Each structure stands twice: as C-alpha cells, then as structure tokens.
1. Going by what's in this entry, would residue 132 be described as modelled with pLDDT of 95 or more and surrounded by fewer than 20 Cβ atoms within 10 Å (Cβ to Cβ)?
2. Given the structure, is residue 144 in contact with a helix residue (DSSP H, G or I) (Cβ under 8 Å, 6 or more places away or on another chain) and crowded, with 20+ Cβ neighbours inside 10 Å?
3. Take the residues in the range 62-100 that are touching a strand residue (DSSP E or B) at 6+ places or on another chain (Cβ under 8 Å) and part of a helix (DSSP H, G or I), then tell me which one is modelled with the lowest pLDDT.
4. Any idea which residue in the range 63-107 is farthest from residue 137 (Cα to Cα), counting only those that are under 15 Å from the mean Cα position of the chain (by Cα), touching a residue at least 24 places away in the same chain (Cβ under 8 Å) and surrounded by fewer than 19 Cβ atoms within 10 Å (Cβ to Cβ)?
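The values are calculated or read from the model by the stated rules, or taken from the named source; none is laboratory data. Quick caveat, the model's predicted, so the values are computed rather than measured. Neighbour counts are summed over all protein chains in view; Cβ atoms, including those assigned to glycine, are modelled from backbone coordinates with ideal geometry.
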C-alpha cells in the first residue's frame, strides 16, 4: 500500500496526511535510537563529567540532530512536501513573530507548573537523582557555554521538526487519531532522553505531549521552537550556575 503524499500548495495540507513512507520513518527511528545509545554509553562511562567529552558531546549531538532533520527533509521532498509543510504557519512578518514569541512565553509559564507537578509525582514513585546527571550535562566554561547555546538552538529547531513536525504527523496519519499521534511522539521524545534516567523520561514525555498540543493548536512549529530554545538555553544556564558551584 502506498503512503499518501502532499500534492497541494504549502500550508494547505491536512495534518492527518503522512509525508513519507513507513521505511523512511523506520530510518528516522533508527537514527534516534543510535543517538540514545550513544548518550547512554557516555553516561555509563561517566564521560560527560570531563570537559573535553562534554564539549565533544555537544558538537556530536548538534551534528546528529541536523543530520536527522536533513534526512526528514529529503523524505518529505520524496513525498512531494517541503520544510514549510513540516513547520506549518511560519510567515516571517513582525506581527506573527511577536505573537508566537508571546505564545512561547505564556506556554513556558504553564509548562513550569505542569512539569513541577509531574516531577513531584514521578519522584514519589521513582527515586532518582536527576541533578547528578544534569550537572554533568551543563556547561562549565565559556567555550562550553557557547557550544551549549548552539546546542539549545539546534534542539529548538531540530527536535520540534523531528517530533512535532514529522513523527506526530506520521503517527496521526497511520492511526487516524490526533490524540494517538500526540501521545506516541511524546513517548518517543521522552525515550530519546533516556540518558537522564527513568523518572525524567516520564516527565519529558509529558513535556513532549504539551509541545505537540501547542503545535497542533497553532498549526505551526515556531512557538514551540522558541519555547524549546528558551527553556533549554535559559534553564540550562541557570542550572549550570547553581549545580556546578
């Protein structure tokens, strides 16, 4: 059975339409699994506790995420789509940009409350020490801070494209359910952060579902990209300041 493709003008496609064949999605999942395996290996070997390995880890992650996005864009083009189809409504006008920035900031306020509750609930059942892992992941030097900010920008663009722009659409099309698409991409988003431990995987899965809901409601990845970057950049630098003392 062939997979439906995009044939109309950008921005007019229903989000229930798949944009690439199943084999392509399997390839994306394999690439993601490879990233997770590398992250778990680095954590298991305590390599992220060393400055050199931490910086190299940032750069490898940046390259890997852009590689996956490149593969997704190629797959979309094979199906007759484009990055604009993946990203949704991203008209570069001042009004829409500032509106999306406002949505991103409001979203982050809501996220902090929800994730605080989720973290407390998960922590009640799963005892872990995420701060120890996060301390090793956070930048310690000026050079690492620069690389980390590039990583945060990459995560904002690439992870929203991968999970909310691509996987959510694929799963929605195959299950004929927007709710299933949101849930499945959220679970995979949590699994992609397995190196942070089981408890944080669950919390991040909730985080991913919230980002998916934002993208579905706004019909655009831009607010999520902005919020994702701000969360990782500002939150990461604050954590670095307090955890690395």
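1. Numbers: modelled with pLDDT of 95 or more: no; surrounded by fewer than 20 Cβ atoms within 10 Å (Cβ to Cβ): yes.
No: the conditions fail for residue 132.
2. It is false that residue 144 is in contact with a helix residue (DSSP H, G or I) (Cβ under 8 Å, 6 or more places away or on another chain) and crowded, with 20+ Cβ neighbours inside 10 Å.
3. 87
4. Filtering first and then ranking leaves 67.
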